[in-house]
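A quick write-up on the structure given underneath.
The values are calculated or read from the model by the stated rules, or taken from the named source; none is laboratory data. Since the structure is predicted, the reported quantities are computational estimates derived from the model, not experimental observations. Neighbour counts run over all protein chains shown; Cβ positions are idealised from the backbone, glycine included.
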Amino acid sequence: MDIALMVEGQRGLTWDRWKRIARTVEDCGFDGLFRSDHFTKPEGDYEDSLELWTSLTWLADNTEDIDFGPLVTPVSFRDPVFTARMGKDVDNLADGRLVLGVGAGWQEREHETFGYDLLDLPDRLDRFEEGVDVIANLLRSDDPVSYDGDYFELEDALLLPRPERKGGTRLLVGGNGPNRTLPLAAERADEWNSVMLQPEEIRELNDRLDGLLEERGRDPADVTRSTMTRVVYGRDEAEVERVLGEEDREALREQGAIVGTGADVREHLDALADAGVDRVMLQWLELDDIERLEALADDVL
């Protein structure tokens with residue numbers, strides 16, 4: 001199972017922090033580095049929030065081995081044509097290491113603040129499905145694409161240069177929904193990503209996705225299964241308690257988070273692997289705690 005790191009870009013990410021984290025991730029042997037795409041936190045004070053695609057372009061040209069990408073970039077304020085265009089160009093710059101993660105959007109605050117229409121949930125998911133169709137068609141078709149939807153339209157559209165990676169830029173669909181997200185992933189995705197779930201919940205959704213893929217004539221092995229979950233790691237129990245602060249260990253674990261020392265982290269990762277996870281993105285919230293991140297790598301990788 002690949003083990004990657006995931007950071008929340010809206011929680012104080014600056015160029016200095018991004019460069020330091022990227023170099024640490026690659027030097028320590030993590031398989032990837034992923035980040036969120038938000039303007040703000042859902043609540044509280046504003047913090048630095050380095051723009052997603054600018055940061056990924058730097059990452060493409062300043063790392064050599066790691067996979068990377070948005071987890072996820074939302075259709076609600078990212079036009080799918082530009083998402084496809086930027087995605088394939090950054091992927092070409094990185095020699096095929098980008099995983100283009102897309103989502104429907106969810107955070108009310110940033111949409112209201114910056115004037116984007118989040119829509120109610122059914123309409124939001126309709127728009128998301130159309131957006132994924134547009135992105136997938138533009139990335140995968142070498143012929144001009146036409147599309148007539150309720151939210152997006154194309155007429156003989158072609159993006160050049162084409163993706164250089166064999167099979168095209170990898171497309172990740174993120175979300176836990178069994179009724180809308182999983183069928184969309186089965187139809188369009190190269191990778192499906194779940195968020196903060198227990199291993200047994202992931203196993204159930206994996207089984208459902210296998211069935212949906214087989215119904216569409218696709219090999220279940222062709223779709224990577226990944227999950228993003230928070231990690232609260234300490235080199236000993238005292239450090240775990242310090243990092244937790246006022247947060248409740250068991251409550252976090254019930255939400256799917258990985259909490260504890262290296263042995264606890266390894267045990268949880270083994271359970272995720274047994275549930276069929278191919279890649280786990282460990283959400284690391286303490287952007288300046290590089291020493292503990294290096295210790296996590298030593299303890300787990």
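Given the structure, is Val132 over 27 Å from Ala4 (Cβ atoms), part of a helix (DSSP H, G or I) and among the aliphatic types (A, V, I, L, M)? So Val132 fails the test. Scanning segment 40-62 for residues that are in a loop (DSSP other than H, G, I, E, B) and either of a type in the set (Asp, Glu) or touching a strand residue (DSSP E or B) at 6+ places or on another chain (Cβ under 8 Å) (or both) gives Thr40, Glu43, Asp45, Glu47, Asp48, Leu50, Glu51.
Go through the residues of segment 91-104 one by one and say whether even a single one is surrounded by 15 or more Cβ atoms within 10 Å (Cβ to Cβ) and over 30 Å from Ile3 (Cα atoms). So far as segment 91-104 goes, no, none of its residues is surrounded by 15 or more Cβ atoms within 10 Å (Cβ to Cβ) and over 30 Å from Ile3 (Cα atoms).
Cβ separations smaller than 8 Å between residues 6+ apart or across chains give the following pairs from segment 231-243 residues that are closer than 10 Å to Gly260 by Cβ and in contact (Cβ under 8 Å) with a residue 12 or more places away in the chain to residues that are surrounded by 11 or more Cβ atoms within 10 Å (Cβ to Cβ) and aromatic (Phe, Trp, Tyr): Val231/Trp284; Val240/Tyr233. Taking first residues from segment 131-158 that are farther than 16 Å from Arg85 by Cβ and partners that are at pLDDT 95 or above and basic (Lys, Arg), the Cβ contacts under 8 Å between residues at least 6 apart in sequence or on separate chains come to Asp150/Arg127; Tyr151/Arg127.
The condition (being under 14 Å from the mean Cα position of the chain (by Cα) and charged (D, E, K, R)) is satisfied by just one residue among Arg23, Arg35: Arg35. In segment 207-229, of all residues being buried (at least 19 other Cβ atoms within 10 Å of the Cβ) and in contact (Cβ under 8 Å) with a residue 40 or more places away in the chain, the one that is farthest from Ser36 (Cα to Cα) corresponds to Arg225.
Can you confirm whether Gly87 is at pLDDT 95 or above, buried (at least 20 other Cβ atoms within 10 Å of the Cβ) and part of a helix (DSSP H, G or I)? Yes, satisfied. For segment 154-171, a residue qualifies if it is closer than 18 Å to Asp91 by Cβ and part of a strand (DSSP E or B), and the qualifying residues are Arg170, Leu171.
For segment 106-148, residues that are over 20 Å from the mean Cα position of the chain (by Cα), surrounded by 15 or more Cβ atoms within 10 Å (Cβ to Cβ) and of a type in the set (A, V, I, L, M) total 3. Of the residues making up segment 25-35, those that are touching a residue at least 12 places away in the same chain (Cβ under 8 Å) and out of contact with any Leu (no Cβ under 6 Å at 6 or more places or on another chain) are Glu26, Cys28, Asp31, Gly32, Arg35. Could you look through segment 172-206, keep only residues that are assigned to a helix (DSSP H, G or I) and of a type in the set (Asp, Glu), and pick out the one that is surrounded by the fewest Cβ atoms within 10 Å (Cβ to Cβ)? Residue satisfying both the conditions and the ranking: Glu200.
Here Thr261 meets each of (1) surrounded by fewer than 19 Cβ atoms within 10 Å (Cβ to Cβ); (2) touching a residue at least 60 places away in the same chain (Cβ under 8 Å) with one exception, condition (2). Going by what's in this entry, would Tyr151 be described as among the hydroxyl-bearing types (Ser, Thr, Tyr) and assigned to a strand (DSSP E or B)? It is false that Tyr151 is among the hydroxyl-bearing types (Ser, Thr, Tyr) and assigned to a strand (DSSP E or B).
A single entry from Arg78, Arg35, Arg20, Arg11 fulfils the requirement of being touching a strand residue (DSSP E or B) at 6+ places or on another chain (Cβ under 7 Å) and among the basic types (Lys, Arg): Arg35.
Condition check ((1) in contact with a helix residue (DSSP H, G or I) (Cβ under 6 Å, 6 or more places away or on another chain); (2) on the phi > 0 side of the Ramachandran plot; (3) in contact (Cβ under 8 Å) with a residue 40 or more places away in the chain) across all residues:
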site: Trp53; (1), (2), (3): yes, no, no
site: Leu71; (1), (2), (3): no, no, yes
site: Asp79; (1), (2), (3): no, no, no
site: Asp91; (1), (2), (3): no, no, yes
